[in-house]
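Q: Starting off with a structure, shown below.
What follows draws every value from the coordinates through simple rules; no lab data is involved. Values in this document were obtained by computation on a predicted structure and should not be read as measured data. Virtual Cβ from ideal backbone geometry, glycine too; neighbours counted across all protein chains shown.
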Amino acid sequence: MALADRNRWIQAHRRPTPRLDVISPLRVLLADTPNGQVIAAMDSSDGLANAVLHLCQASGVGACLHQTQLPIDPALTAWVGPEQSLDWCLYGGEDFELVLCLPAAIATALQAQLGEGSAIIGQIISEKSVYLVLDAPSLPPQSAGVVF
């Protein structure tokens with residue numbers, strides 16, 4: 001493990017950075033959204049999987065998350081292995097990142113504006129279950145729907 005990675009992880013845990021950078025671009029993107037478009041959000045302080053589950057339960061929907069799209073630091077995977085890094089990504093908590101559920105076009109535009117500090121990790125589905133698609137080599141683009 002590189003000392004710089006270790007220090008970055010410790011700093012992120014001890015002093016999480018609030019995602020204030022999301023507010024302005026999201027506000028602009030949502031200003032042009034037709035009424036009736038559903039959005040939802042919460043933080044991942046109790047874990048990414050927990051946040052997705054709560055959003056889905058509150059909305060009466062499910063989600064399909066894609067392992068290959070999860071924001072897992074390759075340095076972390078190299079240090080603790082793929083299973084542990086996936087476990088920490090989904091269930092670790094204390095990240096204080098935003099978990100947003102947005103229409104696909106807005107999610108794509110927001111992710112393009114935020115760059116590497118954001119990721120589209122899945123889609124909402126009508127079935128009331130949450131799935132993790134493991135090791136999908138490539139995923140077809142989603143033209144419609146709501147994405148995380």
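Q: Just the number: Rg to Rh for the stretch 41-147, Cα atoms, Kirkwood Rh, two decimals.
A: We get a ratio of 0.94 for the stretch 41-147.
Q: Taking the 0 to 90 degree range and rounding to the nearest ten, how far is the long axis of helix 82-91 tilted relative to the main principal axis of the chain, both from C-alpha atoms?
A: 50
Q: Percent antiparallel among DSSP beta bridges with both residues in the chain, to the nearest 5?
A: 75
Q: Tell me, how many Å apart are the Cα centres for the stretch 1-39 and for the stretch 55-108?
A: For the stretch 1-39 versus the stretch 55-108, the Cα centre distance is 13 Å.
Q: Calculate for the chain the 222 nm mean residue ellipticity that helices alone would give, adding -39,500 (n - 2.57) per DSSP H run of length 4 or more and normalising by residue count, nearest 500 deg cm²/dmol.
A: Helices in the chain give a 222 nm mean residue ellipticity of -12000 deg cm²/dmol.
Q: Residue by residue, what Karplus-based ³J(HN,Hα) values in Hz, rounded to whole numbers, does the stretch 44-58 have, using 6.51, -1.76 and 1.60 with θ = phi - 60° and x for Gly and Pro?
A: Values, residue by residue: 9, 4, 9, x, 4, 4, 4, 4, 4, 4, 5, 4, 5, 4, 5 Hz.
Q: Another question about this same structure. Order of 20-30, 1-11 by packing, highest average Cβ count within 10 Å first?
A: So the peptides 20-30, 1-11, ranked by packing, come out 20-30, 1-11.
Q: Around Val133, which amide H atoms from residues at least 5 apart in sequence, or from another chain, sit under 5 Å from its own amide H, with H modelled in the peptide plane?
A: Amide H to amide H, under 5 Å and 5 or more residues apart or across chains, Val133 pairs with Leu65, His66, Gln67.
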